[in-house]
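Here the structure is laid out as structure tokens; the discussion comes afterwards.
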Amino acid sequence: MPRSSSRIVLITIAGLLVTEPTAAQRPRARELGVTPGRFEPGRHNAITDVAGVRVGHATLNQGDSLRTGATAVIPHAGDLYQSKVPAAVAVGNGFGKLVGVTQVDELGQLETPLLLTNTLNVWEAAAALVDRTLAAPGNEAVRSVNPVVGETNDGWLNDIRSRPLTAGHFAQALDAARGGPVAEGCVGAGAGTTTMGYKGGIGTSSRVLPADAGGFTVGVLTQTNFGGRLTIAGHPIDPPPAHARFEPAEPPVEYGSCMMIVATDAPLSARQLKRLARRALVGMARTGANFSHGSGDYVVAFSTHESVRIPNDPAGVTRATLVVEESRLTPLFEATADATEEAIYNALLQATTTTGRDGHTAHALPVDLVKEALKQ
């Protein structure tokens, strides 16, 4: 899936009129020399580097006020209801509407794809997942489905009260899901988000462990919409006084949130995945997040390894599974934190200046500002 594109816009920085590149022209973090951690990324530096994982977007960019969308993450190509994956949720700050969280906590499993969207469209997204599950061949007798949907509030740029997304938009995101490169920035559920003073969006990254650590892959996808003081590779990114990041005024920080999805092919139990999920919050913290009062900061982690999949209709009373030794989890923890940090940087760097509801404008993070901070 190609990177997103956008029209060229003009912005003012420190009194100078400059041309902002499109998303396709803007760099990812690694192209600027920002490489968190000691492990290398996978081929696409994306969550789809975990074999079988697919990502799809549906973006609603309509008129002067609709800037929103949906992003789908599908763990494997089979029927997830019939072949569930172990999963866990970690909560950094629980001001949010993560549909399905209690059953994931209780059973330690995921039985539908994951959908990300805006705060007031989560129920339409959940209904779309239920519809798709019930309609799948082999599910004719299913009478209970636990859809999992995450959200962030894009209401500063988007007319969120109109609840514009329909079942068709969510079906579009699910149908568009592919492996390979993942579009980032102002796409899907990141179309109307803002992050630490700049336009936010969707970002992704991955890490591959060396053979002596298992050779496993960890991939992360983030929907960024939170407050704080942006820090890249330990360097605070403070804009010149004349640079307007939001116009006409800054959005209130209490309407924040960050959704983080962690995928791995390492065979992990649900309990181990909860430990893994918490490390994504470490990566988010490194970027300068303030985890504000109204920020819904959630991590959903799952394993795709076939040995830990959970059959809906088991053949026997017991089931044998293979999991990573507890004492060998540290490299996976590192990889998760590092990939999350880089995914958030990618979301910011790939996002482009966006004007939406009531003429509100969120400016993209100036690449030159990042380069200058890194030099210092």
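Some points to look at:
- Scaling the Cα radius of gyration of segment 99-208 by the globular reference 2.2 N^0.38 Å produces a ratio of 1.16.
- Estimated at 0.36 nm per residue, the fully extended path between residue 51 and residue 31 surpasses their Cα-Cα distance by 4.8 nm.
- Listed by chain and number, the lysines placed with their C-alpha closer than 20 angstrom to that of residue 199 are 371; residues fewer than eight positions away on the same chain are left out.
- Proximal lysines to residue 84, defined as alpha-carbon separation beneath 26 angstrom and excluding residues fewer than eight positions away on the same chain: 97, 274
- Taking 0.36 nm per residue of sequence separation and removing the Cα-Cα distance, the residue 229/residue 127 pair yields an extension gain of 33.1 nm.
- As a calculated quantity, the FRET efficiency between residue 136 and residue 376 at R0 = 56 Å, using C-beta atoms, amounts to about 0.55.
- Counting only aspartates and glutamates at least 8 places from residue 375 when in the same chain, those with an alpha carbon closer than 16 Å to its own are 31, 238.
- Translational diffusion of the chain, µm² s⁻¹ [Kirkwood Rh, Cα pairs; Stokes-Einstein; 37 °C; 0.692 mPa s]: 161
- Using θ = phi - 60° and Karplus 6.51 cos²θ - 1.76 cosθ + 1.60, couplings along segment 281-296 (whole Hz; Gly, Pro as x): 5, 4, x, 4, 4, 4, 7, x, 4, 9, 6, 5, 3, x, 9, x
- Within the chain, percent of DSSP bridges classed antiparallel, to nearest 5: 80
- Sum of -39500 (n - 2.57) over DSSP H runs of 4+, divided by residues of the chain (222 nm, nearest 500): -6500 deg cm²/dmol
Coordinate-derived values only; no laboratory data. Note that this is a predicted model, so its numbers are computed, not measured. Here the Cβ is made from the backbone with ideal geometry for all residues, glycine too, and neighbour counts use every protein chain on show.
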